[in-house]
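The values are calculated or read from the model by the stated rules, or taken from the named source; none is laboratory data. Since we're looking at a predicted model, the values are computed, not measured. Counting neighbours? That spans all protein chains shown, and the Cβs are built from the backbone with ideal geometry, glycine included.
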């Protein structure tokens with residue numbers, strides 16, 4: 001169990017380091033440099049979705065997840081609400097109490113989606129056959145043994161700097 005936590009911390013840490021580096025080393029346009037705005041003080045929101053799938057159903061679960069949730073995240077990214085997302089799967093196995101099958105780390109521009117960009121609104125835009133959408137999403141939830149959403153943040157090691 002300790003080894004899997006260390007691996008998770010390394011993966012998450014590497015992701016956050018890359019995210020931090022991308023944020024620090026992204027050049028500002030001339031307009032961003034010269035015009036102060038409230039967007040510069042707004043902080044992004046990072047959320048982690050964690051899923052444990054019933055044994056033997058990971059392929060079916062991920063097929064449905066990719067079809068709907070990844071499509072929604074991609075559209076939200078095009079619209080600007082989602083800055084980026086990464087899907088993780090474990091490289092090794094753990095004990096049942098700490099087992100997870102998929103983790104998705106999402107960086108959003110804000111806590112709440114702008115009008116027309118929420119998950120429900122985007123799902124209605126992308127999938128007009130809402131009955132089929134709901135049926136398959138319900139199946140995905142039937143296959144989900146455990147799930148949680150966890151807001152996460154980067155811990156500043158030297159907050160004075």
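In table form, for the structure just shown:
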| item | result |
| --- | --- |
| Residues (over 16 Å from residue 149 (Cβ atoms) and in a helix (DSSP H, G or I)) located in segment 42-72 | 58, 59, 60, 61, 62, 63, 64, 66, 67, 68, 70, 71 |
| Only listed residue being touching a strand residue (DSSP E or B) at 6+ places or on another chain (Cβ under 9 Å) and at pLDDT below 95, chosen from 99, 103, 108 | 99 |
| Segment 73-131, subset closer than 29 Å to residue 43 by Cα, free of Cβ contacts under 8 Å to residues at least 24 places away in the same chain and outside any loop (DSSP other than H, G, I, E, B), residue farthest from the chain's Cα centre (by Cα) | 124 |
